[in-house]
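The values are calculated or read from the model by the stated rules, or taken from the named source; none is laboratory data. If you're wondering where the values come from, they're calculated on a predicted model, not measured in any experiment. For neighbour counting, all protein chains shown are included, and Cβ atoms are generated from backbone atoms with ideal geometry for every residue, glycine included.
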Amino acid sequence: MILNEMVLPIIVVLAVLVGGAYSVAVMDRVIATRLGAPRAGNPWLSPLTRGAWLLVQQANVTEAPDGRAWRLAPALYLALAATGLALVPWSETLVATDLATSVVLWGSVEALATVVIFLHGWSANAPLALIGAYRYVALGLSYLLISMFVLIGVALPAESLQLTQVVMSQEGLWNVVRQPLGLPLFLVVGLGMTFWGPLNLADSTDLAGGTASEVSGPPRLVWDVARAAMLVAFSGIAASAFLGGWLGPWLSGPLWMVVKMLAVLAVLLWLGRVVPRVAPERCVTGMWVVLLPLAFVDLIWAGVAALWQ
Amino acid sequence: MELLTLFIILLFALGAGWLVQWLPQRHSSMPTYPQRAPFLGGGSPDTHAWNRYHVRYYPMTLLLIAFEMEMMFMYPWAVVYVEEGLKAVMEMGMFLAILSVGIVYAWREGVFKWQ
């Protein structure tokens with residue numbers, strides 16, 4: 001019993017955390033090459049080479065950093081990604097943390113991510129890193145509400161805040177069809193949470209790397225892995241909330257989850273490569289004035305559809 | 001049981017994140033001071049980065065708090081929504097309508113402009 005309920009889920013979550021981060025790095029390189037970026041080595045090997053290089057590189061320090069917080073932030077971000085992954089149900093029974101309030105816990109992961117990313121930029125005590133951190137807080141506080149409304153939308157037909165119940169409620173029709181606005185809005189949240197591609201305001205090149213501009217060596221490795229792991233955790237939640245989770249014919253539940261998560265990741269990474277970065281000052285207005293009302297519409301849509309049945 | 005599993009996963013991730021940073025660097029020396037100057041694209045900083053700084057989007061963060069409180073009511077509401085039917089629609093509709101007026105007002109006041 002303890003093997004099935006604890007040891008197996010823990011192994012699954014940790015394996016997906018590491019394997020998922022690696023596959024994000026591989027997929028991103030493959031997509032970049034397909035889109036015409038100059039080919040930089042073998043896509044399967046180059047993430048490992050870069051990781052090994054970061055591991056032996058000297059870790060940079062600034063003149064007067066908040067040393068402990070600086071080392072804590074990447075580890076905490078990784079822990080948040082692990083928490084998110086722990087909520088993802090792989091089948092009806094294989095789920096690490098099947099809380100009655102797992103949607104609420106995911107909401108708190110999103111909110112705490114803002115704190116951790118700000119901490120990462122703050123503790124370096126360097127201007128560019130701090131600007132990245134302030135920019136991220138503006139973004140993080142703007143996408144938070146969109147995410148909450150969209151997730152409440154999937155909780156309505158399930159009559160529960162439990163992710164397994166949310167998946168079960170999609171037996172007849174997946175939420176991506178039933179609430180068509182939900183998944184696109186939630187993908188924006190995913191790009192924001194990991195400050196990826198168009199929403200990379202925190203670690204962008206115009207700030208010479210932003211919150212990570214002063215970070216090198218092993219701390220940089222943990223930070224990069226945590227970012228990719230957070231993207232994986234997000235894709236797991238998105239697949240459960242909108243793409244029917246483990247449900248599907250022929251294949252077994254966990255395999256369906258892997259397929260759906262890879263599909264979400266492919267879309268996110270492709271978007272990250274083709275959409276240009278938005279201007280930070282415009283992104284706040286856009287999120288509150290355009291995307292938030294759309295999230296309202298999604299919630300009303302979800303509510304009407306849930307009562308109609 | 002569920003929370004214990006979550007706690008173990010959290011400990012593993014935190015521990016791994018900390019160990020990977022600490023183990024390879026435990027014997028290496030710190031970079032020299034000229035190397036430790038914050039990067040400013042060639043310039044050198046004449047103040048701490050942790051100065052007082054006017055965050056221009058400050059009113060937006062206050063507006064967010066109003067909505068976050070509203071989410072607190074929305075979580076239990078979502079669970080009983082189908083059961084309560086139209087009554088739940090009305091109640092949340094009124095609540096959201098009032099908050100939306102707040103957004104429109106904040107928009108007019110330029111809260112979402114960040115310059």
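Each residue in segment A:139-179 was checked for being aromatic (Phe, Trp, Tyr) and within 10 Å of chain B (Cβ to nearest Cβ), and 1 pass.
Set side by side, the residues B:Met94, B:Met1 differ, and just one is touching an Asp or Glu at 6+ places or on another chain (Cβ under 7 Å) and either over 30 Å from A:Val222 (Cβ atoms) or at pLDDT below 85 (or both), which is B:Met1.
Does segment A:290-304 contain at least one residue that is touching a residue at least 24 places away in the same chain (Cβ under 8 Å), more than 8 Å from chain B (Cβ to nearest Cβ) and more than 26 Å from B:Ala78 (Cα to Cα)? No, because not a single residue in segment A:290-304 is touching a residue at least 24 places away in the same chain (Cβ under 8 Å), more than 8 Å from chain B (Cβ to nearest Cβ) and more than 26 Å from B:Ala78 (Cα to Cα).
Hey, among A:Leu94, A:Leu48, which residue is aliphatic (A, V, I, L, M), in a helix (DSSP H, G or I) and on the phi < 0 side of the Ramachandran plot? From the options A:Leu94, A:Leu48, the qualifying one is A:Leu48. Apart from one condition, A:Leu45 fits all of (1) surrounded by 13 or more Cβ atoms within 10 Å (Cβ to Cβ); (2) without any contact (Cβ under 8 Å) to a residue 12 or more places away in the chain; the exception is (1).
For segment B:1-28, the candidate set comprises residues that are small (Gly, Ala, Ser) and more than 28 Å from A:Leu207 (Cα to Cα); within that set, the residue that is surrounded by the most Cβ atoms within 10 Å (Cβ to Cβ) is B:Ala13. Taking the listed residues A:Gly51, A:Gly67, the one that is more than 7 Å from chain B (Cβ to nearest Cβ) and either closer than 23 Å to A:Phe118 by Cβ or charged (D, E, K, R) (or both) is A:Gly67, with no other qualifying. Residue by residue through segment A:109-134, note down the ones that are at pLDDT 90 or above and not aliphatic (A, V, I, L, M). Within segment A:109-134, A:Glu110, A:Thr114, A:Phe118, A:His120, A:Gly121, A:Trp122, A:Ser123, A:Gly132, A:Tyr134 meet the criteria. Look at (1) surrounded by fewer than 22 Cβ atoms within 10 Å (Cβ to Cβ); (2) polar (S, T, N, Q); (3) within 9 Å of chain B (Cβ to nearest Cβ); (4) under 24 Å from A:Val278 (Cβ atoms) and you find that A:Thr114 fails only one, number (3).
A search for C-beta distances below 8 Å between a residue of segment B:81-97 that is more than 10 Å from chain A (Cβ to nearest Cβ) and over 19 Å from A:Trp308 (Cβ atoms) and any residue that is modelled with pLDDT under 85 and surrounded by 11 or more Cβ atoms within 10 Å (Cβ to Cβ), counting only pairs 6+ apart in sequence or on different chains, returns B:Phe95/B:Glu70. Scanning segment B:24-50 for residues that are more than 7 Å from chain A (Cβ to nearest Cβ), assigned to a helix (DSSP H, G or I) and either among the polar types (S, T, N, Q) or touching a Pro at 6+ places or on another chain (Cβ under 8 Å) (or both) turns up just one, B:Gln35.
Per-residue answers, yes or no, for (1) among the small types (Gly, Ala, Ser); (2) farther than 30 Å from A:Ser160 by Cβ:
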| site | (1), (2) |
| --- | --- |
| A:Ile2 | no, no |
| A:Ala15 | yes, no |
| A:Gly20 | yes, no |
| A:Ala32 | yes, yes |
| A:Pro47 | no, yes |
| A:Arg50 | no, yes |
| A:Asp66 | no, yes |
| A:Leu80 | no, no |
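All of A:Gly172, A:Gly153 fail the test of being assigned to a loop (DSSP other than H, G, I, E, B) and closer than 15 Å to A:Ala306 by Cβ, apart from A:Gly172.
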